[in-house]
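The values are calculated or read from the model by the stated rules, or taken from the named source; none is laboratory data. Keep in mind the model is a prediction, meaning the values are calculated, not measured. All Cβ positions, even for glycine, are placed from backbone atoms using ideal geometry, and neighbour counts span all protein chains on display.
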Amino acid sequence: MITGESRAVGDRHRYAGIGDETLVRQRVTADLTAPGTPFEIRVAEVLGRRCRIYANAPGTLRDVYAKGAQWHRKPAITFEGETHTWDEYLAIVARFGRALVERFGVRKGDRVALAMRNYPEWPFVFAAAVSVGAVCVPLNSWWSGRELGYALADCDAKVFIGDRERVELVQGIRADLPGLETVVEVRPGEVVRGDVEWQQLLADVPEGLDLSAVSLDADDDCTIMYTSGTTGRPKGAITTHRAHVANLYNLLVQGAIDAELDAWRGEPAAAPPEAPAALVPGPLFHVANLPKLYLAAISGRHLVFMYKWDARRAIEIIDGLDVDGFSGVPTVIRQLLDTVEADGSTLPSLRLIGMGGAPTPASQIERIKTLFDGRVAVSTGYGLTETTGGMIGISSHDFFARPLAVGLPYPTSEVRIVGEDGADVGAGELGEAWFKGPTVARGYWNRTTESFSDGGWFHSGDIVRRDEDGFIQIVDRLKDVVIRAGENVYCSEVENVLHGHPSVWDAAVFGVPHELWGEEVVAVVHTRPDAGVTEEELRAYAAGLLAPYKIPSAIFIDTEPLPRNPTGKVLKTELRQVYADRMVR
């Protein structure tokens with residue numbers, strides 16, 4: 001078994017004579033990915049582009065899920081007291097796979113869409129769909145009926161599986177979806193609104209399909225994942241089985257690299273729990289959480305879902321099930337930390353907190369280190385829907401030392417930082433992040449775009465910089481820069497400063513038009529209810545840390561949370577519409 005928590009094979013002191021950490025990291029990576037190793041990397045042509053691939057990785061996600069059979073009666077999924085073992089999980093996947101193929105006529109390449117809360121049926125549907133060769137389309141469960149209808153029509157879904165709320169929305173626009181042949185309803189309540197009800201469907205299919213009988217290739221389409229659409233119509237990124245498996249192996253090899261480096265540093269490795277468990281409060285349709293499903297099949301990790309996020313309930317679950325892993329967007333993690341402090345909880349089983357989906361304030365990383373006395377590891381990554389997850393990652397030792405960084409490229413990730421002239425920039429200089437590798441989507445469904453170049457590079461639209469040691473820091477989005485009197489103001493830099501004020505829980509910075517300067521900088525902050533902080537105090541605080549032209553012209557204070565989409569991104573378009581009219585000229 002290969003897991004991201006195991007140490008590299010071999011003499012743990014073989015690098016003891018090397019004093020330079022960068023060199024040790026290079027040697028460790030080279031040894032772990034050398035010919036003949038489980039993580040062997042070679043160069044191959046993938047979808048017309050040459051890139052580095054894992055030579056010994058499983059070919060498809062179906063092959064990955066098949067490895068879950070080794071865990072038998074160990075718990076696989078728990079949802080609000082309802083637990084399914086791995087044997088039960090895979091049996092349901094095989095039965096629903098048969099229903100897709102034999103009852104609904106799903107063939108290789110047909111789109112099967114789903115949208116629901118993080119119910120156990122979510123991973124059942126996903127695993128079955130990708131295992132029978134369908135292209136699975138996980139949709140945002142927060143979307144309106146109009147938004148769901150747009151995506152279902154765009155991908156021409158043949159089957160839709162949803163819970164009561166989502167099915168009701170889709171059935172209300174069914175006349176506009178002539179290609180949608182079947183709607184399967186999960187947990188319907190008293191009235192079934194779908195064409196078929198989930199439990200009845202499974203009762204009608206007592207025997208599972210031999211999933212291996214369906215022909216699948218590594219470069220077959222696996223998923224269409226829609227971007228968040230905060231600035232326009234969502235776009236569906238098409239990713240292959242190879243992309244998802246390479247993403248999985250990036251996570252595994254990163255764990256092995258970190259373990260070897262910890263041994264070189266002389267840092268003791270915590271013994272892995274006998275029954276690893278992770279609480280996943282974030283939506284499974286997001287690319288930051290989806291990989292946890294197939295990582296669990298490899299590692300035997302028990303995944304725990306919640307009906308809805310509640311920090312105090314999360315603490316009960318962590319303590320009750322000896323959960324050792326937790327991940328979420330910065331807002332969720334902050335709420336967990338606030339509740340831990342308020343209740344005096346210690347969460348003794350917790351070993352790892354992962355974060356992503358939105359920039360993490362540096363103060364939050366330090367808070368985790370202090371609150372748990374350094375015993376809880378932290379990690380994050382940087383990637384997009386179009387890269388099937390992270391292309392870059394960072395964990396505890398490096399993250400604590402560089403809380404504003406998002407890490408180093410994974411072994412199969414090629415990264416360029418490109419200036420306005422199209423040339424690569426040097427260390428410390430700003431440029432747009434370009435990505436290439438087996439995890440990069442092959443394009444957008446029904447769209448052509450300049451974001452994907454002929455050379456296989458995806459243009460991220462993110463402004464980043466690389467330090468002398470190669471660690472990358474996100475500075476801002478290209479579209480999230482305020483140009484004030486000819487000077488660039490990077491919104492994330494101002495947000496990080498405001499986050500550092502003890503009264504501020506959250507902050508969003510954006511530009512609004514200005515007759516003289518072109519744009520001016522505006523901030524909206526979510527403060528502690530009892531803080532009593534004023535705009536003047538916050539501006540004075542910012543003045544001590546920022547150049548004058550970066551200081552917001554106005555700081556609006558709100559005791560209500562900032563509007564965010566399910567992936568944690570602040571909806572700045574909404575804020576701009578609300579607050580632009582309140583500016584005093």
Which one of these does Asn488 not meet: (1) of a type outside the set (Val, Ile, Thr); (2) in a strand (DSSP E or B); (3) more than 23 Å from Leu384 (Cβ to Cβ); (4) free of Cβ contacts under 8 Å to residues at least 60 places away in the same chain? (3)
Cβ pairs under 7 Å, 6+ apart or interchain, first in region 322-343 and among the hydroxyl-bearing types (Ser, Thr, Tyr), second modelled with pLDDT of 90 or more and part of a helix (DSSP H, G or I), ordered by first then second residue, are Thr339/Ala311; Thr339/Arg312; Thr339/Ile315
Could you check how many residues of region 322-340 are under 16 Å from Val376 (Cα atoms) and among the polar types (S, T, N, Q)? 1
State the number of residues belonging to region 453-479 that are surrounded by 14 or more Cβ atoms within 10 Å (Cβ to Cβ), modelled with pLDDT under 85 and farther than 21 Å from Pro403 by Cα. 0
Quick one: count up the residues across region 212-230 that are assigned to a loop (DSSP other than H, G, I, E, B), among the aliphatic types (A, V, I, L, M) and at pLDDT 95 or above. 2
Can you name every residue in region 428-450 that is under 20 Å from His244 (Cβ atoms) and surrounded by fewer than 22 Cβ atoms within 10 Å (Cβ to Cβ)? Arg442, Gly443, Tyr444, Trp445
Would you point out the residue of region 144-199, among those that are within 21 Å of Pro120 (Cβ to Cβ) and polar (S, T, N, Q), that is surrounded by the most Cβ atoms within 10 Å (Cβ to Cβ)? Thr182
Output the strands (runs of 3 or more DSSP E) that fall wholly within region 414-481 and possess 2 or more residues being under 30 Å from Asn56 (Cα atoms), or say none. 414-418, 431-436, 458-466
Report yes if Glu207 is within 29 Å of Tyr444 (Cα to Cα), surrounded by fewer than 18 Cβ atoms within 10 Å (Cβ to Cβ) and touching a residue at least 60 places away in the same chain (Cβ under 8 Å), otherwise no. no
Could you identify the single residue in Leu32, Leu47 that is buried (at least 19 other Cβ atoms within 10 Å of the Cβ) and farther than 15 Å from Leu211 by Cβ? Leu32
Going through region 469-487 in order, the residues found to be more than 21 Å from the chain's Cα centre (by Cα) and aromatic (Phe, Trp, Tyr) are none
Residues (of a type in the set (Asp, Glu), closer than 20 Å to Val481 by Cα and either in contact with a helix residue (DSSP H, G or I) (Cβ under 9 Å, 6 or more places away or on another chain) or in contact (Cβ under 8 Å) with a residue 40 or more places away in the chain (or both)) located in region 404-432: Glu432
Counting only residues that are more than 18 Å from Thr387 (Cα to Cα) and either part of a loop (DSSP other than H, G, I, E, B) or within 20 Å of the chain's Cα centre (by Cα) (or both), region 241-257 contains a total of 1
Please tell me if Val482 is in contact with a Phe, Trp or Tyr (Cβ under 9 Å, 6 or more places away or on another chain), farther than 29 Å from Val137 by Cα, free of Cβ contacts under 8 Å to residues at least 40 places away in the same chain and surrounded by 15 or more Cβ atoms within 10 Å (Cβ to Cβ). yes
Mind listing whichever residues of region 434-461 are charged (D, E, K, R) and without any contact (Cβ under 8 Å) to a residue 60 or more places away in the chain? Glu450, Asp454
I'd like to verify a number: residues in region 520-541 that are within 11 Å of Pro552 (Cα to Cα) and touching a strand residue (DSSP E or B) at 6+ places or on another chain (Cβ under 8 Å), how many? 8
Residue in region 232-253 that is surrounded by fewer than 16 Cβ atoms within 10 Å (Cβ to Cβ) and not aliphatic (A, V, I, L, M) present: yes
Would you check which residues across region 51-87 are within 22 Å of Asn247 (Cα to Cα) and small (Gly, Ala, Ser) and list them? Ala55, Ala57, Gly59, Ala66, Gly68, Ala69, Ala76
Looking at (1) in contact with a Cys (Cβ under 6 Å, 6 or more places away or on another chain); (2) in a helix (DSSP H, G or I), can you tell me which one Glu493 breaks? (1)
All helices (runs of 4 or more DSSP H) inside region 99-211 with 2 or more residues being among the hydrophobic types (A, V, I, L, M, F, W, C) and under 27 Å from Val64 (Cβ atoms): 121-131, 145-155, 198-203
Name the single residue that is nearest to Glu147 (Cα to Cα) among those in region 75-123 being basic (Lys, Arg) and surrounded by fewer than 24 Cβ atoms within 10 Å (Cβ to Cβ). Arg117
